[in-house]
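Every read-out reported here was derived from the displayed coordinates using simple, explicitly stated rules and does not represent laboratory data. In this text the structure is predicted, and so the values were computed from the model without any measurement. Don't worry about glycine lacking a Cβ; one is built from the backbone with ideal geometry, like all the others, and counts go over all protein chains shown.
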Amino acid sequence: MDKPKICAVVVSDDLEAVKRAELLADMLELRMDLVGSGWPEVARYLHKPWIATMRDSEHRGKFSGSEEERVDQLIQAVTLGANIIDVELDCPALGDLAKSVKGRSRCMVSYHDWDGTPPLEQLSGIVQRQFAAGAEICKVVTMARNVYDNLAVLKLLGLFPWIDIISFAMGPVGALSRVLSPLSGGYLTYASIDETSGSAPGQMSVEALRKIYRMISL
């Protein structure tokens, strides 16, 4: 079994916290919208491979500019070395953006359901749409309302063994899927850089998650 890959989410310009997280994480996600206008300076500081993410209010983020400006900043992130860009499935510019960064950065196409977890058949259809739209990595994140929702997002991983997929559930009930996802074939799982900097419900710190994997010798 491959070592589970942890991506620590950077939500501020606290470089000391980023430095500590880099020691435990395999990758970093730079939430450009949460860091704010100073995100390029933080990006230049990163030493691990990183994901560029810019969420607007429609996608539970804080970017308030135009869609064109959002896309331009994602492209700027690629020029600054982003290994992956995270683009929502319903982004109007998805097709053009995926083509423009191809060969320079991998395009992750993401889908979030903040209300619940759709049936497995529907989740499968979402991955097919992501792949058809040009995704090199497919990300499907739902909200767990019961323990069985964990099973749905984990089963999704086995349906597309030829695609890099990130699939887990949010919320306290979904914490189990966050741990098990990379052990079940998921590309990576996310963690906060510390106990006070979570970017999504149920997200645990990179230190806590790494401790769990060490306990099971991974």
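Taken over the chain, the percentage of Cα pairs per 10 Å bin, counting from 0 up to the bin with the maximum distance, is 9, 36, 40, 15, 1. Among 175-181, 43-49, the peptide with the highest mean count of other Cβ atoms within 10 Å heads the list, and the full ranking is 175-181, 43-49.
For the stretch 8-49, the alpha carbon positions stretch 26, 15, 14 Å along the principal axes, listed from largest to smallest.
The slack in the chain from ASP96 to GLU67, taken as 0.36 nm per residue of separation less the alpha-carbon distance, amounts to 9.1 nm.
So how do SER192, SER217 line up by other beta-carbon neighbours within 10 Å, fewest first? Don't skip to the answer; put the middle values down first.
Details: SER192 23, SER217 5.
Ascending number of Cβ neighbours within 10 Å: SER217, SER192.
May I ask you to list the lysines whose Cα is less than 21 Å away from that of LYS48, ignoring any residue fewer than eight positions away on the same chain? Hits, sequence-local ones excluded: LYS3, LYS5, LYS19, LYS102, LYS139, LYS211.
Between SER57, SER12, HIS112, the Cα set farthest toward the positive side of the dipole of the stretch 1-128 (charges on each charged residue's Cβ, about the Cα centre) is that of SER12.
Amide H to amide H, which residues 5 or more places from TRP50 or on other chains are under 5 Å from it, using H placed in the peptide plane? For TRP50, whose amide H was placed from the backbone, the distant partners under 5 Å are LEU28, ASN83, ILE84.
In the chain, helical runs assigned H by DSSP with n ≥ 4 each contribute -39500 (n - 2.57); averaged across all residues and rounded to the nearest 500, the mean residue ellipticity at 222 nm is -10500 deg cm²/dmol.
Estimated from the Cβ-Cβ distance and a Förster radius of 45 angstrom, the FRET efficiency linking GLU58 and MET215 is about 0.70.
What is the distance in Å between the Cα centres of the stretch 67-100 and the stretch 109-169? Here the answer is 21 Å between Cα centres. Could you work out the relative contact order of the chain? I mean the mean sequence separation of Cα pairs under 8 Å and 6+ apart, divided by the number of residues, in percent. Value for the chain: 19 percent. Net charge around THR117, counting only other residues with Cβ within less than 14 Å of its Cβ (Lys, Arg = +1; Asp, Glu = -1)? Net of charged neighbours comes to -1. Between TYR45 and TRP162, the simple label model (points 7 Å from Cα in the Cβ direction) yields a spacing of 4.3 nm.
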